[in-house]
Amino acid sequence: MRQRNVHTSVARRVAGIAAAAALAVAVGAPGGTAGAGPARPAEVKIGIVTFLSGPAAAPFGIPARNAAEVLIDEINAGRAPAPYNQRGIAGVPIRVVYVDEAGGADRQVAEFRRLVLDERVDLVIGYISSADCLAVAPVAEELRALLVMFDCGTNQIFEERSYRYVFRTHGHQILDNVGAARYILRIKPEIASIAGINQNYAWGQDSWRDFRDSVRRLKPDVRVMGEHFPPLFGGEYSAQISALLGARPEVVHTSFWGGDLESFLIQQLPRRLYERSTLVLTTGDTVLPRLGRNMIPGVVVGARGPHGALAPNVPLNRWFREVYARRFNVRPVYPSYHMSQAIFGVKTAYERAQRQVGGWPTREQVIDAFRGITFDTPSGPIRMALGRGHQAIEPVAYGITSRFNTATGEYDLTRVVVFPAECVNPPEGMTSADWIAQGFPGARCP
Amino acid sequence: MTTIVADGLVFASWLFLVSAGLTLIYGVLRILNIAHGSLYALGAYAGASLVIVYSQREAWPYGTFFLLPLAAVVVGAVTGPVMERGVLRWMYGRDQVLQLLVTFALFLILEDAVKLIWGVSPYYAFQPYTLLGEIHLADVVYPGYSMLLVGVAACAAVGLWLFTSRSRLGRLVVAVIHDPEMSTAMGVNLPRVYVLTFSLGASLAALGGAFTAPMISVVPGIAVEVIVVAFAVVVIGGLGSLEGAVAGALLIGLVRSAAVHLFPALELFAIYLVMAAVLLVRPHGLFARPEARRI
């Protein structure tokens with residue numbers, strides 16, 4: 001008897017739920033209902049991981065953190081220009097927890113778990129170091145936590161694996177060096193020799209290999225006159241500068257960054273390497289505001305995309321430069337632009353998901369909305385075109401330092417060339433190495 | 001060939017300046033001071049700050065060359081007694097692992113102190129670097145400053161040699177190196193010798209930093225690379241030996257320079273190749289003192 005009662009009550013409850021569900025579908029089908037997804041939260045909590053100490057803090061980490069600070073304040077206040085003029089994310093304010101990226105990959109994995117499991121952030125925007133990106137990406141997948149990589153360069157992330165919960169809102173390192181190779185051959189079509197001085201770890205080795213192979217693919221008779229790999233943070237380059245002065249290559253390529261780049265520039269100045277060879281600095285934009293008058297004319301400068309001094313003169317960029325400079329008294333450099341891409345990408349994805357579901361979206365819905373989007377940034381439109389919609393491509397720009405501008409405190413850049421995204425990024429489904437080796441199939445260049 | 005020797009000498013001078021203090025401190029105090037890299041960084045920051053402040057006054061530009069050793073002396077005089085009397089004197093005769101851990105802790109504390117005082121933004125003090133004109137050797141231009149560096153290292157080496165062989169205090173230091181117990185018995189004021197030696201070693205580290213400052217962008221983290229190469233130099237030369245530091249610096253400097261010019265791919269490897277080769281033949285380094293067996 002008792003058993004039959006239980007059965008009856010279960011059956012009744014199931015019938016009740018079915019009826020309610022049917023009613024919800026019938027009522028909600030045309031536009032969806034606000035009650036279908038999670039409740040609208042009081043805030044969107046974002047963990048932002050960037051170098052706040054160590055040698056990478058001053059050139060990259062701090063400018064990125066500064067960009068996050070000023071952009072999120074402006075967005076929360078509803079002062080950002082269209083299409084980002086809605087307060088916060090779809091009206092919900094953003095709150096940020098900053099984490100220092102220093103300490104190595106193991107520590108970052110632990111910090112990521114803490115952010116997701118203890119701090120309960122809605123997503124993490126982070127990582128300048130490629131080693132940290134490679135270590136944290138599988139953990140994001142395991143925890144089903146949304147991770148937006150904002151600055152790391154390695155092409156391995158989406159070329160060797162695919163992820164559901166991981167996105168990268170800027171182009172990976174291939175565009176720097178393919179762009180540099182195309183640029184140098186455009187301004188000096190007759191060059192016959194190149195050399196490189198790059199830091200002896202993955203970033204330096206990969207950057208030089210991509211540049212050297214791209215130049216030789218585009219102009220096979222170019223000779224390589226020296227490949228130098230001093231240690232990271234070596235600081236003392238007199239022997240390498242002597243060797244480069246002696247070898248007399250027409251072009252010297254370097255992907256040095258931060259203190260190493262500045263030390264190299266200071267040390268070659270009285271020895272006039274820059275007069276004997278054209279220097280190509282793939283991350284040169286970061287040192288322009290800091291070196292000011294001590295920069296040199298005639299140097300090819302890149303910004304790992306159309307960022308910093310090479311960013312387009314569009315309203316969103318003018319606004320970004322102005323709010324950033326007003327607060328920090330210096331213009332933003334490329335890591336600041338990369339951070340802006342991550343923030344605007346996240347805001348676009350959330351708000352698109354919200355429009356699609358007609359209520360506050362779940363994480364899975366945000367991810368579905370994020371995949372393959374195109375969104376506007378201070379560097380121009382960014383398209384999530386590779387890695388099945390998880391990896392952005394973007395154009396790259398290069399220019400030459402010409403004349404010191406007392407108004408800006410920097411050298412003006414001339415002969416600026418912007419290579420479109422489809423010209424400097426491999427097509428979907430092809431690795432960077434294969435793309436260069438096969439002579440850039442599918443590249444669309446002006 | 002000329003450029004290989006010139007580059008080798010310039011690098012060897014830098015190596016000697018950053019490692020002489022380390023070997024001196026080990027020789028007397030028997031402590032392998034990991035915080036030596038931080039003293040170098042303090043010297044670089046202090047030197048850069050003085051040069052920047054001085055250069056803003058549009059004074060006699062060559063005055064900056066006197067500020068660099070001044071910075072080194074100030075850093076040595078301030079940090080030496082504080083570190084030696086405040087921390088290290090409790091460590092004499094203790095387990096070497098403990099000594100290493102304590103100096104590593106000092107290194108971490110000083111790294112943070114540098115960031116607290118000077119922040120994380122880089123400092124440029126390149127004014128002295130371009131003042132001394134240039135020298136043409138073979139087909140290559142060298143800044144006069146590089147030759148100054150060689151001169152400073154040579155002066156430091158000769159000065160240290162004169163100090164240890166000619167001055168009374170220097171002879172006391174040598175006596176302590178050879179036999180601390182007997183020296184004490186003969187009336188040597190051991191604590192005083194210790195604090196003076198540590199301060200002198202700290203000043204040498206800071207001198208290396210101060211004279212490097214005009215060539216680099218002075219940023220947090222410069223201490224780490226220095227400590228690694230300084231250890232390589234003193235291990236090759238024999239811990240505690242000044243002649244060894246000279247020989248180790250010259251050997252590494254020349255081999256590394258040859259590698260950069262002839263086999264650039266081996267550059268990073270060169271230092272460790274030299275170290276391995278020397279230690280295979282002489283496990284205690286080139287100029288290691290024979291240890292007297294005590295009965």
Carbon/sulfur fraction of accessible area - region A:208-326, other protein chains in place, 1.4 Å, %: 47 percent
Whole-Hz ³J(HN,Hα) from phi, Karplus 6.51 cos²θ - 1.76 cosθ + 1.60, for region A:302-311, glycine and proline x: x, 9, 6, x, x, 10, x, 5, 9, 6
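May I ask you to derive the FRET efficiency for A:Glu119 and B:Ala265 from their Cβ-Cβ distance with R0 = 41 Å, giving the value to the nearest 0.05?
About 0.35, to the nearest 0.05.
Once you compute Rg and the Kirkwood Rh from C-alpha atoms, what is the Rg to Rh ratio for chain A? Walk me through the intermediate numbers first.
Working: Rg = 24.6 Å, Rh = 23.2 Å.
That ratio equals 1.06.
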Set of region A:136-179 residues, backbone N closer than 14 Å to the point 7 Å along the Cα-Cβ line of A:Val109: A:136-143
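How much of the accessible area of region A:333-446, in percent, comes from carbon and sulfur atoms when a 1.4 Å probe is used? Walk me through the intermediate numbers first.
Working: 2070 of 4150 Å².
Whole-percent figure for carbon plus sulfur exposure: 50.
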Protein-protein interface of region B:190-229, residues with accessible area decrease of at least 50 Å², isolated chain reference, 1.4 Å probe: B:Met215, B:Glu225
A:Val357, B:Val173, reordered so the largest accessible area comes first (probe 1.4 Å): A:Val357, B:Val173
Choice from A:Gly88, A:Gly103, A:Gly47 showing the highest fluctuation, given a GNM over chain A with Cα pairs closer than 10 Å: A:Gly103
Sequence of A:Asp285, A:Asp206, B:Asp139 when ordered by accessible area, the most exposed leading, probe 1.4 angstrom: B:Asp139, A:Asp206, A:Asp285
Computed FRET value (nearest 0.05) for A:Arg371 with A:Cys445, which takes r as the C-beta separation and R₀ as 35 Å: 0.85
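How far, in nm, would the chain grow between A:Ala82 and A:Leu143 when pulled straight, counting 0.36 nm per residue and subtracting the alpha carbon separation? The partial results should precede the final answer.
Details: separation 61, 0.36 × 61 = 21.96 nm, distance 3.40 nm.
Value of the extension gain: 18.6 nm.
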Tilt relative to chain B, helix B:2-29 - C-alpha long axis, 0 to 90 degrees, to 10: 30 degrees
Interchain or long-range residues, amide H under 5 Å from A:His228's placed H: A:Gly196, A:Ile197, A:Asn198
1.4 Å probe accessible area per residue over chain A, in Å²: 38 Å²
Cβ-based charge dipole, the protein assembly as shown, positive-most Cα from A:Gly258, A:Thr401, A:Tyr324: A:Tyr324
Extreme residue, positive dipole direction of region A:266-425, given options A:Gly308, A:Gln341, A:Pro297 (C-beta unit charges): A:Pro297
Residue with peak Gaussian network fluctuation, chain A [Cα springs, cutoff 10 Å], from A:Ala397, A:Ala39, A:Ala421: A:Ala39
Region A:68-195, dipole about Cα centre (Lys/Arg Cβ +1, Asp/Glu Cβ -1), debye to the nearest 20: 400 debye
Trypsin sites (Lys or Arg not before Pro) restricted to region B:164-240 and DSSP loop, no more than 11 other C-beta within 10 Å: none
At R0 = 22 Å, FRET efficiency that the Cβ-Cβ distance of A:Ser402 and A:Val330 yields, to 0.05: 0.55
Crossing angle, helix B:267-281 versus chain B [Cα axis fit, 0-90 degrees, rounded to tens]: 30 degrees
Interface burial for B against A (accessible surface, 1.4 Å probe, total of both chains, Å², rounded to 100): 2900 Å²
DSSP beta bridge pairing in the protein assembly as shown, given as percent antiparallel to the nearest 5: 40 percent
Where labels lie 7 Å past Cα in the beta-carbon direction, separation of A:Glu364 and A:Ala131 in nm: 3.7 nm
Distance between modelled label sites at A:Asp412 and B:Phe66, nm, 7 Å Cα→Cβ extension: 4.3 nm
On Cα atoms only, tilt of B:222-237 relative to the major axis of chain B in degrees: 60 degrees
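Let me have the relative contact order for chain B, percent, based on Cα pairs under 8 Å that are six or more residues apart. Each step should come with its number before you reach the end.
Details: 466 pairs, mean separation 108.8, N = 295.
Computed value for chain B: 37 percent relative contact order.
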Computed [θ] at 222 nm, helices only, for the protein assembly as shown once each DSSP H run of length n ≥ 4 contributes -39500 (n - 2.57): -17500 deg cm²/dmol
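Which percent of the accessible heavy-atom area of region A:54-152 goes to carbon and sulfur, probe 1.4 angstrom?
Values: 1620 of 3410 Å².
Within region A:54-152, the accessible surface is 47 percent carbon and sulfur.
Subtract the Cα-Cα distance of A:Arg209 and A:Arg161 from 0.36 nm times their separation in residues, and report this length gain in nm to one decimal. The partial results should precede the final answer.
Numbers: separation 48, 0.36 × 48 = 17.28 nm, distance 2.20 nm.
So the extension gain works out to 15.1 nm.
Against the empirical 2.2 N^0.38 Å scaling, what ratio does the C-alpha Rg of region A:61-159 come to?
Numbers: Rg = 14.5 Å, N = 99, 2.2 N^0.38 = 12.6 Å.
So the Cα radius of gyration is 1.15 times the expected 2.2 N^0.38 Å.
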Note, ³J(HN,Hα) from phi for region A:409-419, Karplus 6.51, -1.76, 1.60, rounded to Hz, x at Gly and Pro: x, 9, 6, 6, 9, 10, 6, 6, 10, 9, 9
1.4 Å probe accessible area per residue over region B:164-249, in Å²: 35 Å²
Those Cys residues of the protein assembly as shown for which no other cysteine Cβ falls under 4.7 Å: B:Cys155
Inter-site label distance for B:Ile109 and B:His136 at 7 Å from Cα along Cβ, in nm: 5.4 nm
Gaussian network model of chain A, Cα within-10 Å springs - most flexible of A:Met149, A:Met430, A:Met339: A:Met430
For region A:246-281, residues shielded by at least 40 square angstrom of accessible area compared with the chain on its own, probe 1.4 Å: A:Ile266, A:Gln267, A:Pro270, A:Arg271, A:Arg272
Region B:184-206 residues near the modelled B:Leu169 label - backbone nitrogen below 17 Å, point 7 Å along Cα→Cβ: B:188-206
Size of charge dipole - chain A - debye, nearest 20, with Cβ of Lys, Arg +1 and Asp, Glu -1, no other charges: 1080 debye
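The values are calculated or read from the model by the stated rules, or taken from the named source; none is laboratory data. Owing to the predicted nature of the structure, the values given are computational and were not obtained by experimental measurement. When we count neighbours, we look across all protein chains shown, and the Cβ atoms used for this are built from the backbone with ideal geometry, even at glycine. Protein only, heavy atoms only, side chains kept; ligands, DNA and RNA dropped before computing areas. Shrake-Rupley method; radii C 1.70, N 1.55, O 1.52, S 1.80 Å.
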